[in-house]
1. State the volume of the convex hull built on the alpha-carbon positions of the chain, expressed per residue in Å³ and rounded to an integer.
2. So how do 382, 35, 431 line up by other beta-carbon neighbours within 10 Å, fewest first?
3. Give the Debye-formula value of log10 I(q)/I(0) at each listed q (0.12, 0.15 Å⁻¹), with one equal scatterer per alpha carbon of the stretch 2-193, two decimals each.
4. In degrees between 0 and 90, to the nearest 10, how far off the longest principal axis of the chain does helix 184-193 point, with axes built from Cα atoms?
5. If I take R0 = 56 Å and measure r between the Cβ atoms of residue 450 and residue 89 in this structure, what FRET efficiency does the formula 1/(1 + (r/R0)^6) give, to the nearest 0.05?
6. Using a simple spin-label model with points 7 Å from Cα along the Cα→Cβ vector, what separation in nm is obtained for residue 104 and residue 385?
7. In degrees between 0 and 90, to the nearest 10, how far off the longest principal axis of the chain does helix 459-476 point, with axes built from Cα atoms?
8. For residue 135 paired with residue 403, estimate the spin-label separation in nm (one decimal), with each label point 7 Å from Cα along the Cα-to-Cβ line.
Ligand SMILES: Cc1cc2nc3c(=O)[nH]c(=O)nc-3n(C[C@H](O)[C@H](O)[C@H](O)COP(=O)(O)OP(=O)(O)OC[C@H]3O[C@@H](n4cnc5c(N)ncnc54)[C@H](O)[C@@H]3O)c2cc1C
Ligand code: FES
Ligand code: FES
């Protein structure tokens, strides 16, 4: 396999494909500017830019190098801090951090420079015209940097440094070539000249479903990997690397999102960032729930790699999308060889981290109804951004003559798998929402789930917070909007 690392074209051997990108950069390429902080995707110190063809141009996305396997970024333009350093001349992002005192010990700074760079490159060159542009801009900056922890400078100077970049011409080819050290034309020429990737059996990266079928035939025991934001942790935290991977992330058919009637067909390899872009302006109640939930999943770096398919397939009880998918009655399309089957997500989970997936079977599409019923979603975690749920609650309901005629409640972090609260749902039918009582909701909820106590929350807290949230939604938010406390 090949890669364009900064301005150098390199071959990657089969043995190197399964190792973390960060180790390869620091130890084998001797590029030490990319730092290791946590080694778990949490701190952002290892942020690099991964450039791929997208919608007619090269799109550079910020990615955590510590949990990305090298094979996953082959055939890309990889830009690291060593690559953008140009002697004594600072890049505008670096100069802004100096000017606004955005660095103290400096350990987080390489990652912050790269995350800020990604935001800067992807921000259209629209001049700001009003105060609301400024606050929108600030929100975007905070989102772009939410995966980068700084323990000593404090975030205010860093955010001010990013905001100061606004008067520059943002985005555009001139800016890109300054940042990545090559002109867009040079990168494009390189990427289009790369031969079809060789297919090492231990890390296959098919580009089409036909190639995927061949890859599975050639290595039936291989582990599927999409964004690798769960599987990468195995490598860095448990020092466990699988014998062979089949990377689903570049299979064209699995990367598509389309709307058919009132159903979104989401390819399983669609990343959170792509889904966020797709639904950002949709006004349906269910889309607004997604708009609320997606920014709360991981960080920008995690959302640039993590996929909906991986979040469902890992069968974690604290995965954040299943509660909403359960409440919206999503369906899954599963593919094994030439066999396709469709089933409701409610029938997918069979136990703690277990599902109905057979060996060699993968999730191809997720079919998500677009709903204008009342839709509410809340993720309860210790930190607002880049944190795992203690509980996640999704509610979809409808009223007829002021009484609840339909109701589905998806729960995460409350049982061994994501579940629907079936007893509670049944008990709520025919009730008038404003007359509901929190104690009664809590009692019904206890019939559905017996959550665990762990470092994130006690069982009692989990039950109480779910009951409180549901009571609040039913009794306080009768207006036509996606509700929830934050
Ligand atoms: C720092 C950090 C923060 C995180 N924050 C959150 C969070 O807030 N909320 C949350 O829910 N999760 C979070 N996660 C977990 C992770 O990002 C998500 O679960 C993500 O959706 C996993 O998707 P992936 O494509 O990266 O999965 P991968 O790691 O590629 O795969 C995960 C599992 O799914 C299987 N798999 C992947 N795709 C398919 C498919 N199409 N068909 C069959 N099997 C498949 C793989 O074999 C593997 O078992 C976080 C992770 C990190 C590192
Ligand atoms: S080293 Fe902390 S996110 Fe990679
Ligand atoms: S400058 Fe020290 S951690 Fe950010």
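Just so it is clear, none of the values below were taken in a lab; they were calculated from the coordinates. What you are looking at is a predicted structure, and each value in this text was computed from that prediction instead of being measured. Heads up, the Cβs are rebuilt from the backbone with ideal geometry, glycines too, and the neighbour counts pull from every protein chain shown.
1. Details: hull volume 73.5 nm³, N = 486.
It comes to 151 Å³ per residue, whole-number rounded.
2. Details: 382 11, 35 21, 431 17.
With the fewest neighbours first, 382, 35, 431 line up as 382, 431, 35.
3. -0.56, -0.88
4. The helix 184-193 is inclined about 80 degrees to the chain.
5. Values: r = 61 Å, r/R0 = 1.09.
Calculated transfer efficiency: 0.35.
6. 1.9 nm
7. In the chain, helix 459-476 runs at an angle near 70 degrees to the longest axis.
8. 4.3 nm
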